[in-house]
Amino acid sequence: MTDVREVTCRSPYRRTQWIFTALGAAGAAVTAATAVHSAERGGLWGVWAGIALLSALVALASLRGAVARVSADAYGLHVRTLLRRRSMPWSGVADLQIRMRNEWNHKAPDTRRVGVVPHDGRRRLLPLPRSWSPEDPEFDAALEKLRALHHRHGTPRSGHLPVVSHRSAGYGRLGSLGLCVLLLSGAGLAVWSISGTAAEERAWRSAVPCTARVPEAERGECLSTLPAEIERTEAGRPRNPSHLYFTGGRPLERLRVSQEAARGFRPGDRVELTLWRGEVMEVAGERHVWREHVVTPGSVAVLAALCALAAGWPGARVLLWLRRRRLPDDEVLPSELPFVGALAATALWLLPLAYLHPTGPFGSTVGSVWTVAGSLVTLGVLAWAWRATHIRAPGGSGGSGGDAAAGEPTGQDTEVFLSARFLEPTDYNPHHFGTHIVIGGGPPAVTPHPGPGRFAARPIPVERLTVKEVRRVRGGDGGAVPGGWHIAELDDAGRPVRLAAAPGDLTRILRELEHAKTPADSGEAVGDAPTAR
């Protein structure tokens, strides 16, 4: 598209957005007037005020979408929003990329937007074009026009179009960092409250009935009893409160209890209430006895440990991002699941220890040995997780299974099924049906199963394939490809095809494809793949 001179992007729903803007503004004005009138008469003005605020927000959101515009010409990009206008010359733009984000539901398609990467490194998102579909011709056409203008009047970093998803190195981790800090703050707060919880539990367990010698000011620290009669009970549904109501509202009108207690007592039952520090701690009757739950320091310590372990998940995402922050924006980072496994292994010993020794694990010999042994286990699994998330260079060896070493042709009588998949539908991979590639025991073939046997296998036309590049996974390769795999860019008789597999398995497959080629075949050998960045 070298003949593109100008492009303008507007919202395709401008007419609808202007209608909603007018309706929202009118609704806000009417409901605001109604709220003022209701306030003068003592009516429900708060409800009308809330409706007015909601209508105003709808009007503002619709107006923001209706006035947004992105245009581009020979001078650069021009962005207009509701409150701001700015321009960026092409000389200051290093790259254009697709930013994919799932804003509502992980099962729904990702939202695609255009990201601008200036030479200063501060990435910006353009309000338009925008797409909620993986195949949107209008979005693709607008993006191609913007790239054509950038290539003509600017200095692009490369001809490659980066696709940045939530798994990529260029995706921000500010949300994960905030969640990690929030969970660690909760864990710290829980740890701080353990001592107070332990003191309160000891005071409750050591409390004795009040006597006549106890001064009135100190009666809150001892147990007082009061007679009462239940007027009615109210058993709420699960997760809803249940209550006991007392006759004459004495000594109190109602008491919140468990659902089991509300069903255990009956109207007319005479009960005895036990009070401690101004709260009802026990209701005892002939039919049933209810006791208030007293928070133990062990449960608080378990809560603190759970918060700290939960903070490890977003913390692992931030760690992987920091570890690989110099990667290209669209390269996929390894999964944080190995660290999640390490956290799960830590929970197996940390949670029981926190419950049984909440005030300090080193207060006893058993607690000290338990802590040291568990810490060694955690260090071991964390070291394994660190190694498992290591990024291998493209084209490296090291198989992930099988009976033959990576890089060596498999014996002719031995069938080995390797997990791999072609990312494009072809005659040997119709409708993306292949999940494995079988080598040995015959020509290489694509199969929809891990074996044994070559049922439904499709032979791979090795004579047509030529390796162009071996690289890491990028954001545009789809979410079905694990982040630790590598991608082989193949030329299938003039058609680009991508083959994805684990690094060692991919090396074995490429070597086997080379071995299966006849000496008369011309072109670059499949196994002589150039090493990518």
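The values are calculated or read from the model by the stated rules, or taken from the named source; none is laboratory data. Please read all numbers here as calculations on a predicted model, not as lab measurements. Cβ atoms come from the backbone with ideal geometry, glycine included; neighbour counts cover every protein chain shown. The protein model used for the area step is the full one, side chains on, heavy atoms only, and it has no ligands, DNA or RNA in it. Shrake-Rupley method; radii C 1.70, N 1.55, O 1.52, S 1.80 Å.
Listing for the model above:
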quantity: Backbone HN-Hα couplings from phi across the stretch 310-323 [Karplus 6.51/-1.76/1.60, Hz, Gly and Pro as x]; calculated: 5, 5, x, 5, x, x, 5, 4, 5, 4, 5, 5, 5, 5
quantity: Cα long-axis angle, helix 137-153 against the chain (0 to 90 degrees, to the nearest 10); calculated: 60 degrees
quantity: Integer Hz, Karplus 6.51/-1.76/1.60 couplings in order for the stretch 502-511, x for Gly and Pro; calculated: 4, x, x, 5, 5, 4, 5, 5, 5, 5
quantity: Nearest-10 value in Å² for the accessible area of residue 299, using the 1.4 Å probe; calculated: 50 Å²
quantity: Residue 9 - accessible surface, heavy atoms, 1.4 Å probe, Å² rounded to 10; calculated: 10 Å²
quantity: Label corresponding to semi-axes √(5λ) of the Cα gyration tensor in Å when calculated from the structure given, among (i) 41, 28, 22; (ii) 41, 32, 21; (iii) 60, 40, 22; calculated: (iii)
quantity: Rel. contact order, % - alpha carbon contacts under 8 angstrom, at least six apart, the stretch 40-188; calculated: 19 percent
quantity: The stretch 172-283 shape via C-alpha gyration tensor axes, a/c threshold 1.5; calculated: oblate
quantity: 19 Å tail of the calculated P(r), the stretch 259-370, as % of Cα pairs; calculated: 67 percent
quantity: Theoretical gain in end-to-end length, residue 263 to residue 225 [0.36 nm per residue, Cα-Cα removed]; calculated: 11.4 nm
quantity: Gyration tensor (alpha-carbon) shape descriptor, the stretch 174-216, a/c threshold 1.5; calculated: prolate
quantity: Fraction of accessible area attributable to carbon and sulfur, the chain (%, probe 1.4 Å); calculated: 58 percent
quantity: Dipole magnitude of the chain, debye to nearest 20 (Cβ charges: Lys/Arg +1, Asp/Glu -1, about Cα centre); calculated: 1760 debye
quantity: With DNA, RNA and ligands ignored, accessible area of residue 139 (1.4 Å probe; Å², nearest 10); calculated: 0 Å²
quantity: Degrees separating the helix 337-356 axis from the principal Cα axis of the chain, which is the longest one; calculated: 20 degrees
quantity: Crossing angle, helix 174-192 versus the chain [Cα axis fit, 0-90 degrees, rounded to tens]; calculated: 30 degrees
quantity: Three-way shape call for the stretch 39-195 based on the alpha-carbon gyration tensor, with the a/c threshold at 1.5; calculated: oblate
quantity: Probe 1.4 Å, all protein chains present, accessible-area order of 130, 263, largest first; calculated: 263, 130
quantity: Helical mean residue ellipticity (222 nm; -39500 (n - 2.57) per DSSP H run of 4+; nearest 500) of the chain; calculated: -12500 deg cm²/dmol
quantity: Accessible-area ranking of 387, 291, 80, largest first, probe 1.4 Å; calculated: 387, 291, 80
quantity: Label-point gap, in nm, between residue 8 and residue 423 - each point 7 angstrom along Cα→Cβ; calculated: 3.7 nm
quantity: In Hz, Karplus ³J(HN,Hα) per residue of the stretch 214-227 (6.51, -1.76, 1.60; θ = phi - 60°; x = Gly, Pro); calculated: 6, x, 4, 5, 9, 6, x, 8, 10, 8, 10, 10, 9, x
